[in-house]
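Here's the structure we're looking at; comments come further down.
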Amino acid sequence: MPKLAINGGPKIRKKPFPAYRFHGKEEKKALNRVIDSGILSGYIGTKHENFYGGREVRALEKEWADYFHIKYAVAVNSATSALYCAVGALGIGPGDEVIVSPYSMSSSAVAPLIYGAIPVFADIEEDYYCLDVKSIEKKITSRTKAIIVVDILGLPYDADPINNIARKHHLYIIEDCAQAPGATYKERYAGTLGDVGIYSLNVHKHIHTGEGGVLVTDNGKIAQKLRLIRNHAESVIDSYNPKDLVNMVGFNFRMTEYTAAMAGEQLKRLAYLFSERMKNVVYLSNRLKEIPCLEVSPIREGCTHAYYLQGIKYSREKADIPRNIYVDAVKAELMPYELRENEGVRITSGYTKPIYLLPLFQRKIAIGLNGWPWKGDIYKERVSYKKGICPIVEKMYEKNLITHEIFRPPMTKNDLDDVADAFQKVWENRRELL
Ligand SMILES: *Cc1c(COP(=O)(O)O)cnc(C)c1O
């Protein structure tokens, strides 16, 4: 009789995990306030205070900036829009290179392409999976204009050394903090560590409004450009008169009034949701530590971790079986989240494919058919996206890293024990998988 569920044995977990849901009466009240006002979006496209959005959008921006101790917040309709805005506002364009991370959601690496700039991938840290300062240094050329760092899985990037390198080479830092709202680096909030930070309010994130994004910066000139790009810069340029016209082709990245109203309520929940995750991760980690082939990822010294996902390092040498086989067996022991059945059990083998291995980079087809921006009169270098350029990220993706999110509130100790029991059971019965 097999013991493991993947071989037909009984599952450890027989009912779904509770959904990550926390929208309550405060959010309903905020949405009703907007509906009653009759103004679902307050933006207008001429020189006027409402060029910057309606009451709710401007209130959210003030609350967001106050919360994260930064001068300016600019609300947009997604973190992807926020990344495009940030690249645009920093004056990046054709011929420029931007150093990016291969281990992230794709938009943190493709944002430069929208402005005709070239993403150059640096490798990640073996322990923390954020961009590695030594690898960044090797990728800097006379064309480099910026670095898009990512606080991946919820841990802040190594801000002091990377900011120092950036300063030395006159590079901007865009910090993708979509996964780390509330995390800190030496008591400063993630998102506020570079020149421009971005947050996501999409449905998967710590706090969310379905969709949405927020940018932050301490630089008033950059903030103004972000606001212009958000709302059809080209049409108001003669009224607002920024010093230069670079990248003043605008978009419509405007956040609605109801999104902003709801985001304000969500922000009030962030600290609670953050500490619940931490508590659950501590409990679970203490159990996972007992399993010899697993090593829970450490937290960078001086930081707090927001735990969007937990990273677990897998040792094939200790387990004798490949990671993917182990993980598939663990997943078979568990159940999906309530109402998310079709998505399966939220445990990954390898987090995400290194972004440069996507067809877009492999074939260098991005904007149009002719290979722009890699081919053309402006960019003459040849950047490589060959397999092997970032060995550490490839190793994590192919062999070593496991990520999961089965610690989100309202998980109970029993729920967490089921997760740990599944990892433990597969460890004990791994011979069945040989
Ligand atoms: C979710 C996410 C984004 C994109 O967020 P959207 O709001 O969906 O556009 C960008 N970067 C990272 C690291 C993310 O996790």
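The values are calculated or read from the model by the stated rules, or taken from the named source; none is laboratory data. Worth saying up front: this structure is predicted, and the values here are computed from it rather than measured. All Cβ positions, glycine included, derive from the backbone under ideal geometry; neighbour counts span all protein chains shown. The area values use the complete protein model at the heavy-atom level, side chains included, leaving out ligands, DNA and RNA. Shrake-Rupley method; radii C 1.70, N 1.55, O 1.52, S 1.80 Å.
Remarks
- Relative contact order, percent, the stretch 125-238 [alpha-carbon distance under 8 Å, six or more residues apart]: 17 percent
- Spin-label pair N32/T141, simplified geometry with 7 Å Cα→Cβ offset, distance in nm: 5.9 nm
- Whole-number percent relative contact order across the chain, with pairs defined as alpha carbons under 8 Å at least 6 apart: 22 percent
- Phi to ³J(HN,Hα) by Karplus 6.51 cos²θ - 1.76 cosθ + 1.60 over the stretch 155-165, Hz, x for Gly, Pro: 9, x, 5, 6, 5, 4, x, 6, 5, 5, 4
- Note on K221: lysines with a C-alpha under 30 Å away, same-chain residues under 8 apart excluded, are K47, K62, K71, K139, K145, K168, K186, K205, K243, K268.
- Reachable aspartates and glutamates from K15, criterion Cα separation under 20 angstrom, eight or more residues apart if same chain: D328, E333, E338, E341, E343, E405, D415, D417, D418, D421
- Considering only alpha-carbon pairs that sit under 8 angstrom and 6 or more positions apart, the relative contact order computed for the stretch 276-403 is 28 percent.
- Carbon + sulfur, % of accessible area of the stretch 302-403 - ligands and nucleic acids excluded, 1.4 Å: 52 percent
- Residues in the stretch 310-340 reached by a label modelled at N414 [backbone nitrogen below 16 Å; 7 Å Cα→Cβ]: 335, 338
- Portion, in percent, of the accessible area of the stretch 26-78 that falls on carbon or sulfur, probe 1.4 Å: 55 percent
- Computed [θ] at 222 nm, deg cm²/dmol, the chain (DSSP H ≥ 4; -39,500 (n - 2.57); rounded to nearest 500): -10500 deg cm²/dmol
- Surface accessible to a 1.4 Å probe, H69 within the full protein complex, Å²: 140 Å²
- Here the stretch 204-269 exposes an accessible surface that is 52 percent carbon and sulfur, computed with a 1.4 Å probe and the other protein chains kept in place.
- Label-point gap, in nm, between D218 and K168 - each point 7 angstrom along Cα→Cβ: 2.1 nm
- Residue-wise HN-Hα coupling along the stretch 188-195, computed from phi with Karplus coefficients 6.51, -1.76, 1.60 (Hz; x: Gly, Pro): 9, 5, 4, x, 10, 8, x, 7
- Ordered by 1.4 Å accessible area with all protein chains kept, E428, E394 run largest first as E428, E394.
- Long-range amide H partners of Y337 with built H, under 5 Å: F17, R346
- Hz values of 3J(HN,Hα) by residue in the stretch 383-389 - Karplus curve (6.51, -1.76, 1.60), Gly and Pro given as x: 9, 9, 10, 5, 3, x, 5
- Three-way shape label, the chain, alpha-carbon gyration tensor, a/c 1.5: oblate
- Trypsin sites (Lys or Arg not before Pro), loop per DSSP, at most 10 other Cβ atoms within 10 Å - longest free stretch of the chain: 15-242
- The distance separating the Cα centre of the stretch 311-368 from that of the stretch 65-100 comes to 29 Å.
- The residues of the chain have, on average, 43 Å² of accessible surface per residue, using a 1.4 Å probe with all protein chains present.
- Distance between the stretch 25-56 and the stretch 164-217 - C-alpha centres, whole angstrom: 25 Å
- Folded to 0 to 90 degrees: helix 79-89 orientation relative to the chain principal axis, Cα: 40 degrees
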